[in-house]
Amino acid sequence: MITPALSASSLPCHEHGESNEDGRAVSADESATAWALAARAGDPAAVERFVRALHRDVVRYVAHLSADPQAAEDLAQDTFLRALGSLHRFEGRSSARTWLLSIARRAVIDSLRYAAARPRSAGAADWRTAVERAQPLGLPGFDDGVALRELLDVLPAERREAFVLTQLLGLPYADAAQVSGCPVGTVRSRVARARATLLVLLTEAETGGRGATPSAA
């Protein structure tokens, strides 16, 4: 049975946070934001912890968005270079992760624009290879021969991005809307439609393709 792989509790895989000096649980987002603010104030150790905390999320996100999966690490490096150069403008109004993923999105867009302006080399791997590499390990259901990259491939880019941000990276809908530059309701709609399409595809995989063919439009 592979359909439960799309349950809300199983998909997000963001790490838990830490505890502060009073023993209060601190979320991963709160910790990353605190490190970003400390890095802004000139703490070199905080810079390292900030990068380490969010590097995996950035790599996975740009791998899903980029047309060139070979460049995922380079795009992540570009993202952090841009972020560190802009830390003086970060005031913590949003979480550091939301702020950083917005920068990552712009880095990918700039990369795609640059790639569109020059010839592409023949035989370059497409983004689906990176999706397969970047997908979280241990998701129930995806060890039954149904690759996540193949399922996401049928989704329009906007729905795929919304699904990746909220269901794989665990970003709140409001933060995903901020990253994507669209209303929260639009993100919710895109995720709902993406989930419905993926559930149909998973059902078809289980029944040998006897289900209805979903519409990705």
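The values are calculated or read from the model by the stated rules, or taken from the named source; none is laboratory data. Quantities reported herein were computed from a predicted structural model and do not represent experimental measurements. Ideal geometry is used to build each Cβ from the backbone, glycine not excepted, and the neighbour counts take in all protein chains shown. Only protein heavy atoms, including side chains, enter the accessible area calculation; ligands, DNA and RNA are left aside. Shrake-Rupley method; radii C 1.70, N 1.55, O 1.52, S 1.80 Å.
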query = Which residues, taken from segment 186-206, are in contact with a Gly (Cβ under 9 Å, 6 or more places away or on another chain) and in contact (Cβ under 8 Å) with a residue 24 or more places away in the chain?
reply = Leu201, Leu202, Thr203, Ala205
key: Residues within segment 1-54 that are open to solvent by 40 Å² or more (accessible area, probe 1.4 Å), aliphatic (A, V, I, L, M) and modelled with pLDDT under 90, tallied   = 3
query = Quick check, is Asp78 modelled with pLDDT of 90 or more and open to solvent by 20 Å² or more (accessible area, probe 1.4 Å)?
reply = yes
ask   = Could you say which residue among Arg120, Arg113, Arg160 is at pLDDT below 80, among the basic types (Lys, Arg) and within 21 Å of Val58 (Cα to Cα)?
value = Arg113
request  = Only one of these is modelled with pLDDT of 80 or more, over 30 Å from Ser27 (Cα atoms), part of a loop (DSSP other than H, G, I, E, B) and touching a helix residue (DSSP H, G or I) at 6+ places or on another chain (Cβ under 9 Å): Val154, Val146. Name it.
outcome  = Val154
message = I'd like the residue in segment 81-104 that is hydroxyl-bearing (Ser, Thr, Tyr) and more than 14 Å from the chain's Cα centre (by Cα) and, out of all such residues, is surrounded by the fewest Cβ atoms within 10 Å (Cβ to Cβ).
response = Ser86
